[in-house]
Amino acid sequence: MTHIPARCALLLILFMPASGALAVDTGYAGRAEVAEFVAAMVREHDFDPQQLDALFAEARRRQPILDAIARPAERTLTWAEYRRIFVQPDRIAQGLEFRDRHDETLERAAGRYGVAPEVIVAILGVETRYGRHAGRWRVLDALTTLAFDYPPRSDFFRRELEQFLLLTREENQDPLVLTGSYAGAMGYGQFIASSYRAYAVDFDGNGVRDIWTSPVDAIGSVANYFARHGWRDGEPVLRRVSAAADASLDDLTGRGLRPELDVAALRAAGVEGLDGLKGDADATLWRLDGPDGEELVAGLHNFYVITRYNHSHLYALAVHDLAVAIAAGRRGPGETAVGD
């Protein structure tokens, strides 16, 4: 993915210092806040202002994107409903097929980065069904819409738009062609632009960090992301626990993603099922509406690392359970590389 189609030849100048081309004052290019953004890109990164105006004239406001970001699944679904989407027979079967097909690459990534193959596969499975559904929105449209028409997170998406333009310049990609999710996430692993620039790797050695069409680069990039965020090889992700009859856990559950507790505190509060874990191990506690009724889950350090990929405890649970199912499908029931 290193060429730029002929129809977008004009945008080649986007990747060069100022050249004096005429601006196109239509669409997003005519808005004051976009003009401020363009001025910052020129000042800080030496982009050409006329060519950025031409690019933003091509960007389109997409109302379905604004609708989608207002109701993400992590905020509207119970754990039982969320799990039913991501941990079901078809996705497990496709994960086993992907695991077998890319066995050598996954084992190489595990050796280099210390991340179990099943965890890498589960991330790709939850994100895009192993590359089958990587998103249909133009990334330029998604990021521009959210940067300038979604006030709750406009600062974040303006930073991502900046990162996206830098990415396309650095990687010789066409900013009008790349597609992704409604939030501008791209490729097999749904990297946002800043994550691509920081963590994507050329794992197949062809000189290109291609997360869009190369499962090899996608595998290496996900593994690198987890390693850089502190994944601890061989440690469990969570424990499904129970509580003593006299336990009072209301002040301990759902306190946030960042671990503010440790295993010793949970034991002292009456949480049972933490055998074998060190008392000073980081922990969170979640009470959930699960498929078989209420669940009590203790999230550990690696659980928190998964939430660095997507800031949702339901997401981390789904990744873990899918990884366990894929591991069990290969090794037999009861055997897993990721623990429980």
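What follows draws every value from the coordinates through simple rules; no lab data is involved. Keep in mind that what you see is a predicted model, and the values were worked out from it rather than measured. Ideal geometry is used to build each Cβ from the backbone, glycine not excepted, and the neighbour counts take in all protein chains shown.
Annotations for the structure displayed:
- For S242 and R71, the FRET efficiency from 1/(1 + (r/R0)^6), where r spans their Cβ atoms and R0 equals 30 Å, is about 0.35.
- Counted over the stretch 238-331, the DSSP beta bridges are approximately 95% antiparallel.
- Summed side-chain charge close to S214 - residues other than S214 whose Cβ falls under 10 Å, Lys, Arg +1, Asp, Glu -1: -3
- Using the Cβ-Cβ distance between H311 and H45 with R0 set to 41 Å, the FRET efficiency works out to roughly 0.90.
- Mean ellipticity per residue at 222 nm, deg cm²/dmol - from DSSP H runs of n ≥ 4 across the chain, formula -39500 (n - 2.57): -14500 deg cm²/dmol
- Between amide H atoms placed 1.01 Å from N, distances below 5 Å from I211 occur with no residue 5 or more places distant or on a separate chain.
- Peptides 151-162, 119-130, 186-197 ordered by average Cβ neighbours within 10 Å, highest first: 119-130, 186-197, 151-162
- Directionally averaged projected area (convex hull, Cα atoms, the chain), nm²: 18.5
- Extension reserve of the E97-R255 stretch, reckoned as 0.36 nm per residue once the Cα distance is removed: 53.1 nm
- Between D292 and R60, the simple spin-label model (points 7 angstrom out along Cα→Cβ) gives 4.9 nm.
- From phi via Karplus (6.51, -1.76, 1.60), per-residue ³J(HN,Hα) for the stretch 196-211 in Hz, x at Gly/Pro: 4, 5, 8, 10, 5, 10, 8, 7, 9, x, 9, x, 10, 8, 9, 8
- Integer Hz, Karplus 6.51/-1.76/1.60 couplings in order for the stretch 81-95, x for Gly and Pro: 5, 5, 4, 4, 6, 9, 10, 9, x, 4, 5, 5, 4, 5, x
- Near G189: Cβ cut-off under 10 Å, other residues only, Lys/Arg at +1 and Asp/Glu at -1. The net charge is -2.
- On full extension, the segment bounded by S194 and D280 gains 27.6 nm, given 0.36 nm per residue less the C-alpha separation.
- Model label sites at Q88 and A328, defined 7 Å from Cα along the beta-carbon direction, differ in position by 1.8 nm.
- If the chain linking T78 and R136 were pulled fully straight, counting 0.36 nm for each residue of separation and taking away their Cα-Cα distance, it would gain 18.2 nm.
- Across the chain, Cα pairs under 8 Å and at least six residues apart give a relative contact order of 17 percent.
- Electrostatic tally near L124: other residues with Cβ closer than 13 Å to its Cβ, Lys and Arg +1, Asp and Glu -1, net +1.
- Distance from the Cα centroid of the stretch 224-274 to that of the stretch 287-310 is 9 Å (rounded to whole angstrom).
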